[in-house]
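This report refers to the structure that appears directly beneath it.
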Amino acid sequence: MRIGELAARAGTTTRTLRYYESRGLLPARRSGNGYRTYDDNDLKLLRQIRTLQDFGFDLEETRPFVECLRAGHPEGDSCPASLQVYRRKLDELDALIGELRAVRATVGRQLERAEAAREALAADASVPGGPEPVCELGGGVR
């Protein structure tokens, strides 16, 4: 099949395919008239790349999976190098989850502090002569 048909079947653009070719992820075979030619194995490579990228893998991280398929394995993640990429990605995700938990805890503490301050202001307002709660956005008491 030619580049346009492969792009359509893979749900991508010919420009993307040429980029993958330039990065060595997609083989560059040419017909006698100079047109790029592809087969169903190339479509399988593209689907593997696209799936991994949808999961957040960068293009270079897809290389072991592509090489595994090119080596004749039925799945791109059946080789040790692919499994190592999965492990690294899980470690990366675990680190990001840890960072997000820390940010969430900080925001939670800020919310608790802000709510306590607001309650203190409201309590002071109920005492004669205490301050009138004012919205920080310029409005009055809600």
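The values are calculated or read from the model by the stated rules, or taken from the named source; none is laboratory data. None of these values were measured; they are calculated from a predicted model. Heads up, the Cβs are rebuilt from the backbone with ideal geometry, glycines too, and the neighbour counts pull from every protein chain shown. These area figures cover heavy atoms from the full protein model, side chains too; ligands, DNA and RNA do not enter into them. Shrake-Rupley method; radii C 1.70, N 1.55, O 1.52, S 1.80 Å.
Just one of 51, 12, 16 is surrounded by 13 or more Cβ atoms within 10 Å (Cβ to Cβ) and in contact with a Leu (Cβ under 8 Å, 6 or more places away or on another chain); which is it?
12
Could you list, in sequence order, the residues of segment 25-57 that are among the small types (Gly, Ala, Ser) and without any contact (Cβ under 8 Å) to a residue 12 or more places away in the chain? Write out each step before concluding.
Initial filter on segment 25-57 (among the small types (Gly, Ala, Ser)): 28, 31-32, 34, 56.
Hits for segment 25-57 are 28, 31, 32, 34.
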- Message: With among the hydrophobic types (A, V, I, L, M, F, W, C), within 26 Å of residue 53 (Cα to Cα) and open to solvent by 90 Å² or more (accessible area, probe 1.4 Å) as the only criterion, which of 111, 93, 100 stands out?
- Response: 100
- Go through segment 16-52 residue by residue and tally those that are among the basic types (Lys, Arg), out of contact with any helix residue (DSSP H, G or I) (no Cβ under 8 Å at 6 or more places or on another chain) and closer than 28 Å to residue 86 by Cα. 0
- Message: Need pairs with beta-carbon distance below 6 Å; first residue closer than 22 Å to residue 66 by Cβ and within segment 84-97, second surrounded by 12 or more Cβ atoms within 10 Å (Cβ to Cβ); sequence gap 6+ or separate chains.
- Response: 85/61; 85/64
- Taking the stated definitions as given, is residue 81 surrounded by 11 or more Cβ atoms within 10 Å (Cβ to Cβ) and either under 32 Å from the mean Cα position of the chain (by Cα) or at pLDDT 95 or above (or both)? yes
